[in-house]
1. What is the distance in Å between the Cα centroid of segment 319-356 and that of segment 256-271?
2. Could you put HIS262, HIS353 in order of accessible surface area, largest first, with the 1.4 Å probe and the full protein assembly present?
3. Taking a spot 7 Å from the Cα of ARG230 along the direction of its beta carbon, which residues of segment 399-414 have an amide N less than 19 Å from it?
4. Probe of 1.4 angstrom, ligands and nucleic acids ignored: what's the accessible area per residue over segment 58-117, in square angstrom?
5. Could you list the residues of segment 322-341 with an amide nitrogen less than 11 Å from a label point located 7 Å from the Cα of ALA392 in the Cα-to-C-beta direction?
6. Return, for the Cα atoms of segment 292-360, the radius of gyration and Dmax in Å, separated by a comma.
7. In nm², what is the average projected area of the convex hull enclosing the Cα atoms of the chain?
8. On the accessible surface of the chain, probed at 1.4 Å, how many percent belong to carbon and sulfur atoms?
Amino acid sequence: MPDAEADVRPSPQGAAARRALLAHPVVLLVGIVLASVNMRAALASVSPLVSEISQSFGLSSTASSLVTSVPVLFLGLGALVAPWLARRFGSEPVLLFALLLLAVGILVRVAPSTVALYGGGVLVGTAIALLNVLMPGLIKRDFPDKAASMTSVYTGAMIAGATLVAASSVPLEKAFGGSWEASLAVWSLLAVLAAVAWLPQVLIARGRTGHEVRVATPAASAPARKSVWRSALAWQVTLFMGLQSLWSYVLIAWMPTIFTDHGMSRSTAGVIFAFNNLIQVAGAFGVPLLAGRMRSQRPLIVLVTSMVAAGYAGLLVAPVSGAWLWAAVLGIGQGGAVGLALTMIVLRSGDAHTAARLSGMAQTIGYLLAAVGPLTAGAVRQATGGWTVPIALVLGVCAAALAVGLFAARDRTV
């Protein structure tokens, strides 16, 4: 994965502090795992409770979709500032700030106001954007010889966190006497716990001296580079990232509602949604390993897009009777697609600097594009009175992802 701090070099104090940090690998690993658990938890906790939130505020389907679309929108906008913050302050302090911001955003979101509901979503999305961009770079920086295995650890923890909260949201609501607010608010404790675990790394990285851990590389020494924004290949990678994010966030926002609209109980829908998140581990682990062994990843593009399309088609024709099967097929396809999209950023980049810039481009444009998905699905559902047209539109997204992915998967570099 690319490093958000690719344009900086350690100061002497920073190099010494980093050696001290790596002398405590257990502390570092615990911090990484707990931070990663929070990277989807606040998003996955909302989906099983969308109907209750809508009823509480009297929201339409379109307005309800904003509850999940707003955080995704700020995943893209937050990705714009994450590299600058990392260069200015260092990854450790920014990650600590992101976890505290996430906890605050979760609590703001459950205040009795629609402004707070959406405003909390802004804070949640921004916080997760910082985690999304900085965590891979930190792993690459501190574990250069174990980057693949550590990426699997952080990806697995991220999916495990989403699975845990998706399965727990409805039971927690019932345990708190039908309060969806309490069910959502409890996950702020998870973010606070991760922040506490991350605090020692901030103190070690700064050596308790007040010295900046990193200093910027002089601009004059940096070689001139072609802008990734002018590269057709970079746009192909970016569009695949965005389209696969779009189909995933439609499911994150609406999968339980699709099931309950067809007569399934909320508890069962929540468990199947959690299963969908859990099964993504298989694709997220396996597909990147295969991609790294191939010169062209075109067969994998066909595999993951076909599985996602098949799963969506299943939701269209037999949403309840085949729910477990479609959740499994979609999960493997989703996990494989996101793993492949992230891997192609590295494989299509000629060097670390290009990878950092391509990552920023892909995540910014990708998440902005993904934010359109839940909002459009909710609006079309409201206009048509069902899920047939929204799912058909997502099948069109799958076709577009297949087309652009076949170009992005060629053995070329930006």
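1. That distance is 25 Å.
2. Numbers: HIS262 90, HIS353 55 Å².
Most to least solvent-accessible, the answer reads HIS262, HIS353.
3. Zone members listed by number: 413-414.
4. Details: 2200 Å² over 60 residues.
Heavy-atom SASA per residue in segment 58-117 reads 37 Å².
5. Answer for segment 322-341: none.
6. Cα radius of gyration and Dmax of segment 292-360 are 15.3, 49 Å respectively.
7. Values: hull surface 75.3 nm².
Taking the Cα atoms of the chain, their convex hull projects to 18.8 nm² on average.
8. On the way: 10820 of 15590 Å².
Taking all protein chains in place, the chain shows 69 percent carbon and sulfur surface.
The values are calculated or read from the model by the stated rules, or taken from the named source; none is laboratory data. Worth saying up front: this structure is predicted, and the values here are computed from it rather than measured. Cβ: placed from backbone, ideal geometry, glycine included. Neighbour counts: every protein chain shown. Each accessible area value is taken on the protein alone, full model and side chains, heavy atoms only, with ligands, DNA and RNA left out. Shrake-Rupley method; radii C 1.70, N 1.55, O 1.52, S 1.80 Å.
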